[in-house]
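A.B. asks: What follows is a single structure, and I will ask about it in a moment.
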Amino acid sequence: MADPYLAVAILFFFAGIVVLALLLIAEKVGPKKPSPVKGEPFESGNSPKGDARIRFPVKFYLIAMLFLIFDIEVVFLYPWAILFRRLGILGLVEMGIFLLILVIGFIYAWRKGALEWE
Amino acid sequence: METNLTPLLPAAEVTLTALTVLLLDLFLREEEKGFLAWISVTGLALAAGMAFFLWGSQEGAFRNTLLLDDFALFFTEIFLGTALLTILSSIHYLRETNIRSGEYYALILFSTTGMILMAAANDLILFFLGLETMSVGVYILTGMWRERVEASEAAMKYFLIGAFATGFLLYGIALIFGATGSTNLTRISFFLSLSFHQWPLLVIAGVYLVFIGLAFKIGAFPFHFWVPDVYEGAPTPITGFMSVAVKAAAFAGWARIFVHQFSVVEHEWGVPLHALAILTMTVGNLLAIAQSSVKRMLAYSSIAHAGYLLIGVVAGKEPGGSALLFYLLAYAPMTLGAFAVLLALKDGEKDNESYDDFAGVGLKRPFLGMAMSIFMLSLAGFPPLSGFTGKFYLFRSAIVSGYTDLAIIGALNSLLSVIYYLRVIVKMYMEQGGVEAQPFAKAPCLYVAIVIAVLGTVGLGLLPARALSLSGVSYLSLR
């Protein structure tokens with residue numbers, strides 16, 4: 001019996017060959033007619049304006065961070081809601097503690113002014 | 001299913017204190033903020049009391065991912081004591097700089113929680129979570145003093161290197177899980193003992209990756225480059241906290257995971273660790289000699305001490321394990337004390353950390369001079385101080401386990417370290433023109449911390465019997 005991973009190795013080998021072959025064929029056979037318009041960055045069909053590398057206010061990062069934290073909170077609620085009956089009263093108490101800690105975090109962010117834009 | 005939550009008590013208590021501090025900080029006026037330190041100290045003392053009463057418990061929680069054995073409790077007491085001394089010596093420091101005290105104390109408490117979980121974790125995932133809780137707190141604490149460029153640099157370096165090291169650890173955990181089908185340490189070691197001497201390559205690769213991840217955390221030789229910069233840039237109380245508590249937490253991992261559970265595969269990781277121990281202490285000591293800043297010297301000296309501690313890991317089994325635990329206990333008061341004396345030299349915005357600042361301190365402030373001399377002599381390993389007894393038992397464990405070369409190199413290294421430790425004492429008593437240290441009236445809590453550290457250093461040196469038997473019991477409580 002051959003190694004069970006042999007099939008995976010063969011797959012990798014042929015996948016590599018196919019990729020290389022496609023790239024090579026496109027390089028050798030495909031017609032090339034470069035024009036300035038083709039060289040432009042693609043912005044959903046509009047002609048691009050300005051530099052892509054502009055400075056963002058640091059406030060966006062704070063909002064993104066807060067979103068991430070409270071988003072994860074909601075994700076944790078789903079498995080708990082599905083298993084609610086099996087986890088019983090202990091599960092309810094544990095989820096209460098979890099939410100309490102997050103609410104403290106929320107109060108902290110609020111009082112520190114993290115939610116104010118200006 | 002019955003769920004026993006008793007093993008969570010000390011960690012839960014510290015978390016509760018941290019949340020209280022965080023919430024109160026929002027509603028207290030600026031001049032009332034000093035109150036927060038006392039809440040933190042009370043919370044830590046309560047948790048220490050809980051850990052004391054739980055001593056001897058063999059309980060596990062969450063399907064034995066968390067094991068509250070004496071080993072975990074022993075480390076818990078070290079972490080709580082270190083956090084307490086750190087907070088006591090921070091009070092004056094926070095008043096002189098404008099670090100926000102609420103977050104500062106809360107983060108110390110949160111990272112202490114992480115450490116407690118690390119010491120009690122019998123599951124690699126929980127160990128990882130504890131490590132992250134600890135590390136994230138300490139990354140922020142490193143950069144707390146935002147006006148200092150060095151602090152931001154140190155925090156960035158620490159974060160990047162720490163994240164890199166965590167990557168190794170996590171990848172190792174993944175490989176071990178792939179090969180053994182479990183993250184539970186008891187199950188993994190059972191699997192390892194079944195397939196004696198014919199382990200799949202995957203497990204060995206995983207063990208090595210965990211090895212590298214943990215070596216990063218203690219700053220062992222090829223992974224030590226971040227230590228001096230991070231320790232120098234961080235606020236001085238946090239440097240003390242890092243070099244004692246964070247290191248002890250990583251060594252809790254070394255003791256539980258490597259010395260105990262992975263002892264079956266010891267001939268795989270034993271030889272590289274042997275070389276690592278020798279290189280770590282030699283490199284640490286040699287570089288420490290060349291420093292002109294006492295804080296940086298202490299950073300290199302903490303690398304050297306990680307090397308000594310690795311002797312205990314290499315020696316292994318009961319003599320090595322209990323010597324390791326005892327050394328960590330003995331190392332805590334002398335290091336924290338040395339950093340506390342360094343803090344006493346701080347004047348306003350200026351950190352006075354060079355050897356020249358120490359000139360004449362012993363004559364102007366006899367108490368500080370005496371305390372610093374005790375800490376330096378103890379770090380160098382002079383009897384009858386705690387550093388001596390700690391090293392004695394470490395080297396003895398090496399000889400008992402047949403690693404005489406480690407004991408000899410360790411002793412030679414201690415001799416080498418005398419050069420730079422004694423330089424501080426020489427400066428303090430034989431030269432003039434240093435800075436004026438803070439008097440007792442201006443920083444009472446700092447002096448209390450120094451007194452506690454002196455008592456610990458001298459006490460563990462003169463009467464080590466009880467602490468030794470406790471560390472032996474703790475190591476043997478590992479299942």
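Nothing in this text is a laboratory measurement; each read-out follows from the coordinates by a stated rule. All figures in this text were calculated on a predicted structure; none of them were measured in a lab. Because the Cβ atoms are built from the backbone with ideal geometry, glycine has one as well, and the counts that use them run over all protein chains shown.
A.B. asks: Calculate log10 I(q)/I(0) of segment B:125-186 for q = 0.27 Å⁻¹, where I(q) comes from the Debye formula with a single equal point scatterer on each Cα and nothing for solvent.
C.D. replies: -1.07
A.B. asks: How would you rank A:M65, B:M334, B:M428, A:M95, going from fewest to most other Cβ atoms within 10 Å of each one's own Cβ?
C.D. replies: A:M65, A:M95, B:M428, B:M334
A.B. asks: Quick check: the distance between the Cα centres of segment B:96-135 and segment B:220-279, to the nearest angstrom?
C.D. replies: The two parts, judged by their Cα centres, are 17 Å apart.
A.B. asks: Something else: Set Lys and Arg Cβ to +1 and Asp and Glu Cβ to -1, take the dipole of segment B:6-476 about its Cα centre, and tell me which of B:F440, B:Y158, B:I99 lies farthest positive.
C.D. replies: After comparing all options, I get B:F440.
A.B. asks: Now for a separate question. For a Förster distance of 41 Å, can you work out the FRET efficiency between the beta-carbons of A:F13 and A:L68, rounded to the nearest 0.05? The partial results should precede the final answer.
C.D. replies: On the way: r = 40 Å, r/R0 = 0.98.
The formula returns an efficiency of 0.55 here.
A.B. asks: Based on other C-beta atoms within 10 Å, arrange B:I311, B:I278 from fewest to most. Don't skip to the end; give the middle numbers.
C.D. replies: Values: B:I311 29, B:I278 20.
Lowest count first: B:I278, B:I311.
A.B. asks: Cα axis of helix A:84-111 to longest principal axis of chain A: angle in degrees, 0 to 90, nearest 10?
C.D. replies: 80
A.B. asks: Peptide B:18-24: average number of partner chain Cβ atoms within 10 Å per residue?
C.D. replies: Other-chain Cβ atoms within 10 Å of each residue's Cβ, averaged: 2.
A.B. asks: Same structure again: On a C-alpha basis, how far is the centre of segment B:326-372 from the centre of segment B:451-466 in Å? Whole number, if you could?
C.D. replies: So the separation of the two Cα centres works out to 18 Å.
A.B. asks: How many nm separate the modelled label positions at B:H197 and B:E436, each set 7 Å beyond the Cα in the direction of the Cβ?
C.D. replies: Between B:H197 and B:E436, the simple spin-label model gives 7.3 nm.
A.B. asks: OK, next. Rounded to the nearest 0.05, what FRET efficiency do B:R466 and B:R63 have when you use their Cβ-Cβ distance and R0 = 35 Å?
C.D. replies: Calculated value: 0.50.
A.B. asks: Out of residues 5 or more away from B:S354 or on other chains, whose amide H comes under 5 Å of its own, with H placed 1.01 Å from N in the peptide plane?
C.D. replies: The list, which skips near neighbours in sequence, is B:V294.
A.B. asks: Could you sort out which of B:K157/B:K391; B:K346/B:K427; A:K112/B:K350; B:K247/B:K346 sit more than 20 Å apart by Cα distance in this structure?
C.D. replies: Pairs exceeding 20 Å: B:K157/B:K391; A:K112/B:K350; B:K247/B:K346.
A.B. asks: Shifting gears a bit: What is the order of B:H267, B:H305, B:H224, B:H260, fewest Cβ neighbours within 10 Å to most? Intermediate values should be presented prior to the final figure.
C.D. replies: Values: B:H267 8, B:H305 30, B:H224 23, B:H260 18.
So the residues, fewest neighbours to most, are B:H267, B:H260, B:H224, B:H305.
A.B. asks: Positive end of the charge dipole of the protein assembly as shown (Lys, Arg +1 and Asp, Glu -1 on Cβ, about the Cα centre): tell me which of B:T404, B:G316, B:F71 has its Cα farthest that way.
C.D. replies: B:T404
A.B. asks: Can you tell me which lysines have their Cα less than 17 Å from the Cα of A:K38? Leave out same-chain residues fewer than eight positions away.
C.D. replies: In chain and number order, the partners are A:K49.
A.B. asks: Within chain B, which complete DSSP H helices have Cα atoms spanning at least 24 Å along the helix axis and a mean Kyte-Doolittle hydropathy of -0.5 or higher?
C.D. replies: Helix filter hits for chain B: B:9-27, B:34-54, B:70-96, B:101-120, B:124-142, B:149-180, B:201-218, B:266-289, B:294-315, B:317-344, B:404-430, B:444-462.
A.B. asks: If you average the alpha carbon positions of segment B:398-442 and of segment B:179-218, how far apart do those two centres end up, in angstrom?
C.D. replies: Using only Cα atoms, the two centres lie 38 Å from each other.
A.B. asks: Right, next: By how many degrees, 0 to 90 and rounded to 10, does the Cα axis of helix A:6-29 deviate from the longest principal axis of chain A?
C.D. replies: That works out to roughly 50 degrees.
A.B. asks: Here is a follow-up. Per Stokes-Einstein, at 25 °C and 0.890 mPa s, what whole-number D in µm² s⁻¹ belongs to segment A:59-111, with the Kirkwood radius over Cα pairs as the hydrodynamic radius?
C.D. replies: Here the translational diffusion coefficient equals 201 µm²/s.
A.B. asks: For B:D123, list long-range residues whose amide hydrogen, built 1.01 Å from N in the peptide plane, is under 5 Å from its own amide hydrogen.
C.D. replies: Residues meeting the criterion, in which the H sits 1.01 Å from N, are B:L185.
A.B. asks: Can you work out the PRE-style zone for B:D347? Point 7 Å along Cα to Cβ, and I want the residues of segment B:224-267 with backbone N under 20 Å.
C.D. replies: B:236-237
A.B. asks: How much length is gained on full extension from A:K28 to A:L99, taking 0.36 nm per residue of separation minus their Cα-Cα distance? Don't skip to the end; give the middle numbers.
C.D. replies: Details: separation 71, 0.36 × 71 = 25.56 nm, distance 6.05 nm.
This chain segment gains 19.5 nm when fully extended.
A.B. asks: Okay, next question. What's the angle, to the nearest 10 degrees (0 to 90), between helix A:59-82's Cα axis and the longest principal axis of chain A?
C.D. replies: Between the helix axis and the principal axis of chain A, the angle is about 70 degrees.
A.B. asks: Each label point is 7 Å from the Cα along the Cα-to-Cβ direction; what then is the distance between the points at A:K112 and A:L20, in nm?
C.D. replies: With each label placed 7 Å out from Cα toward Cβ, I get 5.3 nm.
A.B. asks: If you don't mind, another one. How many nm separate the modelled label positions at B:E268 and A:L92, each set 7 Å beyond the Cα in the direction of the Cβ?
C.D. replies: Here the answer is 4.8 nm between the modelled labels.
A.B. asks: Looking at chain B, I'd like the Rg to Rh ratio, where Rg is from alpha-carbon atoms and Rh is Kirkwood's inverse mean 1/r.
C.D. replies: Values: Rg = 21.2 Å, Rh = 22.2 Å.
In chain B, Rg relative to Rh is 0.95.
A.B. asks: Please give me the summed charge of the neighbours of B:A120: other residues whose Cβ is under 15 Å from its Cβ, Lys and Arg +1, Asp and Glu -1.
C.D. replies: -3
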